[in-house]
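Following: one structure in structure tokens, then a few remarks.
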Amino acid sequence: MPLKIDAVTLPRYQTRALVGTVCLLVLLIASFFTYNAYQTGQARLEQQRAEMDQLNRSQLREEVNKTLEYIRFSRDRTESILRQRVRTVTQQAISSAEAIYQHEISRGRPLGEIKSLIRESMRNLRYFGGRGYIFIDTLEGECVLLPTSPGIEGKSLLDNQDDTGHFIMRGLIEAVQNPAGAGYSRYRWYAPDFPDEMKDKIAYVERFDQLDWIIGTGDYLYQVENDLKEEVLERLRSRSFGVDGYVAVVREDGKVLLSPSRPETEGLMLSEVDEENRHIISFLMEHATPEGAFVEYDWYRPGGDTLHHKQSLVQLVPEWGWVLVAGNYQVSLNAALDRQEAALEAQTASDIKNMLLLMLVALIVALAVALLTSRWLRELVHRYQHEIDTQQEELASRSRELHLAETVFKSASEGAMISDADNRIMAVNPAFCEITGYAEQEVIGQTPALFSSGRHSERFFEQMWRVLASEKRWEGEVWNRRRNGEVYPQWLSITVVENEQGEPQNYVAMLNDISERKAAEDQLKYLADFDTLTDLPNRRLLRDRTIQALSRARRGGEQVALMVIGIDRFKHINDSLGHASGDALLKALAQRLVESVSGNETVSRVGGDEFVLLLPQAKSLPQLEQSVQHYLKLISKPLTIEGHSLVVTASIGLALYPYDGDDFDNLLKSADTALYHAKGEGRNTYRFFAPVMNQQVSERLMMENSLRHALRRQELELYFQPQYSFEQKRLVGCEALLRWNSPEGLVMPDRFIPLAEETGLIIPIGAWVLQESCRQARHWQTLYGSDLSIAVNVSAVQFRPELVADVQHGLESSGLAPEYLVLEVTESVLMTDVDASVRLLEELRGLGLRIALDDFGTGYASLAYLKRFSLDKLKIDRTFIMGIPDDNDDMAITSSIIDIARHLGLETVAEGVETEEHVNFLTSAGCNLAQGYFFDRPLPQSQFEQRLKDKGLL
């Protein structure tokens with residue numbers, strides 16, 4: 001049966017629905033909160049358990065980290081401890097020898113007897129647990145005292161070598177060849193524990209000038225390290241943490257070194273302990289990793305015989321072959337969790353009880369309110385029903401009139417707003433809502449102040465109301481605020497609607513959004529004056545500001561300076577890293593410059609990689625030079641661009657008003673000329689303009705133009721610098737060197753190579769050199785049956801990913817096997833971007849060719865970087881060779897480079913070898929290859945082929 005809805009039944013149905021709904025809601029809320037309270041308690045318990053477990057793990061990790069730090073500290077000081085020990089013992093021996101000598105010489109005893117007395121007094125001295133002793137040698141290499149082998153006393157040991165080929169006696173003699181007369185020597189010799197194997201040993205020696213002796217002692221590094229291991233174990237033995245935590249140590253071969261819970265197993269091998277201990281030790285060793293792993297198992301507490309659950313962190317220490325085990329027993333943790341669980345259950349039960357009580361009270365209150373509301377609604381419905389019937393007739397008559405007006409109002413494309421005499425909004429159309437972002441119900445009853453942007457003053461609105469009062473209409477541009485907070489411009493038109501008495505009854509406003517038009521105007525203005533990439537003033541705005549500065553300078557008799565800054569080799573960055581990285585670099589440098597200049601100075605970007613600084617009140621010349629040097633240092637600070645660490649440099653040219661120009665164009669031209677001159681003199685420097693530069697720039701432009709046609713005109717030629725092997729006593733390779741036979745005469749590489757790099761011509765020229773070198777080497781192999789290798793220099797501009805394809809093309813087109821090609825790269829090229837250099841070197845090495853590091857020792861590559869690069873050869877710069885044999889520093893540096901290369905498995909090539917003394921020294925030092933005028937000058941193809949016919953014998 002259908003429900004009857006009228007003024008009588010509606011309140012009744014409403015009361016029943018309201019009471020039922022309230023009861024249902026209270027029931028649902030009670031159920032929800034009861035379930036939620038239980039779940040919350042369980043979650044809190046699990047969280048507490050996880051937090052306590054994490055805390056325990058953090059404690060174990062902290063203990064292991066402390067132990068690892070102490071182990072690393074002990075290993076790092078092994079050599080320093082050994083050096084201190086042998087130095088102390090040697091100095092004591094020297095003091096003893098000095099005392100004996102002074103005492104006996106004062107008594108007139110013969111020198112021979114004094115020598116014997118000193119020698120025999122030190123024969124039986126022992127140090128370092130009995131393995132250390134004092135030895136004495138002469139400066140000519142003769143053995144005076146060697147307690148472990150007295151049979152060789154009196155014999156020369158100059159040719160005695162260790163298993164690396166190092167001459168032991170010569171190293172000892174070299175150690176005292178310094179003003180201090182003392183030093184350390186490192187070599188390898190047979191150790192007491194390893195009679196058939198040599199171990200690293202360090203000796204400290206001092207020159208005993210009275211008898212021309214060398215007195216010293218030494219010890220083995222591994223022995224000192226063993227002593228330090230015992231110190232570490234003793235430290236761990238006395239160390240504990242938490243309630244019953246401790247650290248145990250097992251060696252990788254299964255020997256128990258430290259076991260606080262079972263000390264009786266210390267010193268035993270895995271096979272010697274009982275089955276229970278063997279099982280748990282094997283389990284821990286299986287899970288040990290260099291990063292550490294958490295494990296759980298049951299084990300005995302120290303001094304107890306009952307198993308308890310335990311959590312441990314096991315970590316491998318590869319340096320010493322140890323397995324560290326840091327563990328805590330879980331007894332206290334489980335007890336704390338049980339207490340926490342009981343407390344949470346009691347709290348949850350109490351919360352549920354209180355909540356149910358509260359729900360019951362709420363239900364009673366809700367039912368009472370529902371009954372009162374129902375009674376009030378019955379009276380209200382009767383009253384409203386009468387009013388509705390009266391108004392229904394009136395609404396029906398007005399609806400037709402309003403429908404037509406509503407259609408026009410809503411379909412208008414402009415925003416429309418109607419307000420009453422008090423300026424309260426009565427209606428808005430859809431276009432208004434679309435423009436302002438407000439819904440109709442949000443603005444009805446509000447005043448237009450709701451849209452105020454705050455950009456207009458009170459005077460502006462006073463003037464608007466005066467015009468409306470007098471002319472009954474106002475229109476103009478205003479700034480208002482959308483619902484989302486955006487401030488925007490609009491064109492507003494307001495009309496006053498008056499009543500029969502001539503008083504304002506309504507205000508009708510029509511509005512249009514003119515944001516796009518204003519944005520277009522602002523963008524045009526911005527593009528006219530600013531650079532879009534860096535937001536710096538462009539050339540047009542710079543010109544305006546320079547003209548103003550020159551005008552002020554003419555009146556005040558001041559100087560104005562223009563400083564043009566050009567980024568060195570910016571094209572190389574674009575080519576190797578991409579234009580996106582180049583743009584990021586320019587923005588970063590622009591920010592640096594803006595932050596560095598003062599308030600009246602202007603930083604501008606006039607295009608490409610060039611910035612211009614306008615200094616309207618230029619100071620004295622020394623102050624300008626100081627400022628320029630500041631900018632050079634500022635730009636050269638390292639930058640990180642898209643994951644690449646970059647170090648860039650800049651060249652700077654300066655021009656001053658009134659000396660170098662009296663208007664903007666002439667000043668900028670002079671500064672550009674000075675910049676060009678600075679780049680031509682090596683970059684990373686600055687130059688002030690001078691008239692002679694114009695002539696130099698013209699000559700440079702002529703050279704650049706000629707160089708662009710050099711390849712096409714076949715004016716480039718390769719010369720070949722022979723490389724000779726000390727071991728094979730013959731010519732084994734050559735270095736390809738570029739020459740330019742221009743129409744004006746021979747141009748040396750130091751004049752045209754920098755120009756080629758700056759203009760980018762080095763890319764096609766370098767590719768030609770690479771292809772021609774491969775072709776020529778293959779031709780010689782076919783013609784003379786030679787196994788000759790050829791070295792080709794790689795410019796900084798060439799050193800980019802595309803170089804791999806150029807090398808592949810050169811090898812494939814010539815048929816040359818990759819192992820006969822050597823690419824030479826300088827330190828400074830590799831250090832520009834270390835990570836990118838490592839990747840490119842690995843790709844090149846993957847082709848099968850070899851890599852040589854050129855000019856080693858003159859750059860700034862550390863040994864840490866050297867071992868990262870995939871290299872085959874080190875070329876020793878000629879600046880170190882030229883000082884041999886007169887300069888001890890050059891000899892020491894050259895020997896060190898050869899020694900470093902030998903230990904790294906690299907060949908060494910000496911440049912600039914010009915004398916027989918050079919050859920003798922390099923041969924004795926162990927250098928592999930050499931090139932220089934002693935053997936041959938760089939030769940053209942025909943003369944070099946003659947050397948090949950002669951088989952290149954020394």
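Read-outs throughout are calculated quantities, based only on the coordinates presented, and are distinct from any laboratory measurement. The model shown is predicted, which means the values in this text are computed figures rather than measured ones. Quick reminder, even Gly has a Cβ in these numbers, built from the backbone with ideal geometry, and neighbours come from all protein chains shown.
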Considering only Cα-Cα distances, which of the following residue pairs are longer than 31 Å: K633/K867; K633/K873; K229/K867? K633/K873
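Using 0.36 nm per residue, how much length does the chain from A892 to Q210 gain when fully extended, once their Cα-Cα distance is taken away?
On the way: separation 682, 0.36 × 682 = 245.52 nm, distance 2.73 nm.
That pair, A892 and Q210, stretches by 242.8 nm at full extension.
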Using a/c under 1.5 as the rounded threshold, could you call region 411-507 rounded, prolate or oblate? The axes a ≥ b ≥ c are square roots of the C-alpha gyration tensor eigenvalues, and prolate needs a/b larger than b/c, oblate otherwise. oblate
Using only Cα atoms, find the angle between the long axis of helix 916-925 and the longest principal axis of the chain, and express it within 0 to 90 degrees, rounded to the nearest 10. 70 degrees
Just one of (1) 51; (2) 35; (3) 67 is percent of Cα pairs over 44 Å apart calculated from these coordinates, so which is it? (3)
On a 0 to 90 degree scale, rounded to 10, what angle separates helix 749-759 from the longest Cα axis of the chain? 10 degrees
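Loop only per DSSP, at most 12 neighbouring Cβ atoms within 10 Å: give me the GluC sites (Glu not before Pro) in region 601-665, ordered by residue number.
Values: sites: E601, E610, E625, E642; in loops: E601, E642.
The qualifying sites are E642.
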The rounded separation in angstrom of the Cα centers of region 527-578 and region 71-106 is 67 Å
Using the per-residue mean of other Cβ atoms lying within 10 Å as a proxy for protection, in what order, highest first, do the peptides 418-431, 753-766 fall? 753-766, 418-431
Please give, to one decimal in nm, the separation of the simple spin-label points placed at R131 and Q441, each 7 Å out from Cα toward the Cβ. 9.1 nm
How many nm is it between the label spots at W465 and E387, if each spot is 7 Å from the Cα in line with the beta carbon? 3.4 nm
From the phi of every residue in region 248-254, what ³J(HN,Hα) in whole Hz does the Karplus formula 6.51 cos²θ - 1.76 cosθ + 1.60 yield, where θ is phi - 60° and glycine or proline is x? 10, 9, 10, 7, 4, 7, x
Antiparallel bridges, percent of DSSP beta bridges restricted to the chain (to nearest 5): 80 percent
Given the DSSP H assignment, sum -39500 (n - 2.57) over each helix run of at least 4 residues in the chain and divide by its residue total; what's the result at 222 nm in deg cm²/dmol, nearest 500? -16500 deg cm²/dmol
Determine ³J(HN,Hα), in whole Hz, for all residues of region 896-901 in sequence, where each value follows from phi through the Karplus function 6.51 cos²θ - 1.76 cosθ + 1.60 and θ = phi - 60°; x replaces Gly and Pro. 5, 4, 5, 5, 4, 4
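Which FRET efficiency value, to the nearest 0.05, do you get for L533 and I418 by plugging their Cβ-Cβ distance into 1/(1 + (r/R0)^6) with R0 = 45 Å? All intermediate terms of the calculation are to be shown ahead of the outcome.
On the way: r = 49 Å, r/R0 = 1.09.
For L533 and I418, the calculated efficiency is 0.35.
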How would you order 834-847, 716-729, 545-558 from highest to lowest mean count of nearby Cβ atoms within 10 Å? 716-729, 834-847, 545-558
Apply the a/c threshold of 1.5 to the C-alpha gyration tensor of region 494-619 and tell me whether it is rounded, prolate or oblate. oblate
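What FRET efficiency comes out for R83 versus E917 if R0 is 30 angstrom and r is the Cβ-Cβ distance? Round to the nearest 0.05.
Working: r = 34 Å, r/R0 = 1.14.
Plugging the Cβ-Cβ distance into 1/(1 + (r/R0)^6) gives 0.30.
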³J(HN,Hα), Karplus 6.51/-1.76/1.60, whole Hz, each residue of region 443-451, x for Gly, Pro: 10, 4, x, 8, 9, x, 4, 4, 9
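In a shell of Cβ-Cβ distance under 13 Å around S895, excluding S895 itself, what net charge do Lys and Arg (+1) and Asp and Glu (-1) give? Mind dumping the intermediate values first?
Numbers: positive: R170, R902; negative: E174, D887, D889, D890, D899.
Charge balance in the 13 Å sphere: -3.
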Per-residue Cβ neighbour rank within 10 angstrom, fewest leading, L360, L830, L211, L585: L360, L211, L585, L830
Sticking with the crude label model, points 7 Å out along Cα→Cβ, report the distance from D662 to T289 in nm, one decimal please. 8.0 nm
Toy charge model, Lys and Arg Cβ at +1, Asp and Glu Cβ at -1: region 411-507 dipole around Cα centroid in debye, rounded to 20, equals 340 debye
Identify, among M285, Y657, A362, the residue whose Cα sits farthest towards the positive end of the charge dipole of the chain, taking +1 on the Cβ of Lys and Arg and -1 on the Cβ of Asp and Glu, with the dipole about the Cα centre. A362
Prolate/oblate/rounded label for region 530-690 (Cα gyration tensor, a/c 1.5): prolate
Backbone N within region 703-735 under 20 Å of label point (7 Å from R751 Cα along the Cβ vector): 703-720
Determine the gain in length on full extension of the stretch E503-R775; use 0.36 nm per residue of separation and subtract their C-alpha separation, reporting nm with one decimal. 87.7 nm
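Determine, from the Cβ-Cβ distance of D163 and L117 and an R0 of 45 Å, the FRET efficiency 1/(1 + (r/R0)^6), rounded to the nearest 0.05. Mind dumping the intermediate values first?
Numbers: r = 36 Å, r/R0 = 0.81.
With R0 = 45 Å, the Cβ-Cβ based efficiency is 0.80.
Sort M269, M748, M169 by Cβ crowding within 10 Å, fewest neighbours at the top.
Numbers: M269 13, M748 10, M169 22.
Least crowded to most crowded, the residues run M748, M269, M169.
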Projecting each Cα onto the charge dipole of the chain (Lys/Arg +1, Asp/Glu -1 at the beta carbon, about the Cα centre), which of Y220, L803, L468 comes out farthest on the positive side? L468
Whole angstrom only: what separates the Cα centroid of region 776-794 from the Cα centroid of region 411-482? 88 Å
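So what is the orientation-averaged projected area of region 785-834, using the convex hull of its C-alpha atoms, in nm²? It would help to have the intermediate numbers written out before the result.
Working: hull surface 15.9 nm².
That works out to 4.0 nm².
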Charge dipole of the chain about the Cα centre (unit charges at C-beta), most positive-ward option of L731, G932, I547: I547
E802 neighbourhood, Cβ < 12 Å, K/R = +1, D/E = -1, net charge -2
Check cross-link reach from K472 to the lysines: straight Cα distance under 29 Å, and skip same-chain residues fewer than eight apart. K410, K518
Chymotrypsin sites (Phe, Trp or Tyr not before Pro) in region 258-304 lying in a DSSP loop, each with at most 15 other Cβ atoms within 10 Å of its Cβ, come to none
Need the full-extension length gain, S282 to Q48, defined as separation in residues times 0.36 nm minus the C-alpha distance. One decimal, nm. 81.0 nm
Relative contact order for the chain using alpha-carbon pairs under 8 Å, separation at least 6, rounded to a whole percent? 6 percent
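Please arrange I573, I641 by counting, for each residue, the other beta carbons lying within 10 Å of its beta carbon, fewest first. Walk me through the intermediate numbers first.
Values: I573 24, I641 19.
Listing I573, I641 from fewest to most nearby Cβ atoms yields I641, I573.
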If every Lys and Arg gets +1 and every Asp and Glu gets -1 at its Cβ, then about the Cα centre region 763-890 yields a dipole, in debye to the nearest 20, of 420 debye
Note, L667: beta-carbon cut-off 12 Å, +1 each Lys/Arg, -1 each Asp/Glu, net -3
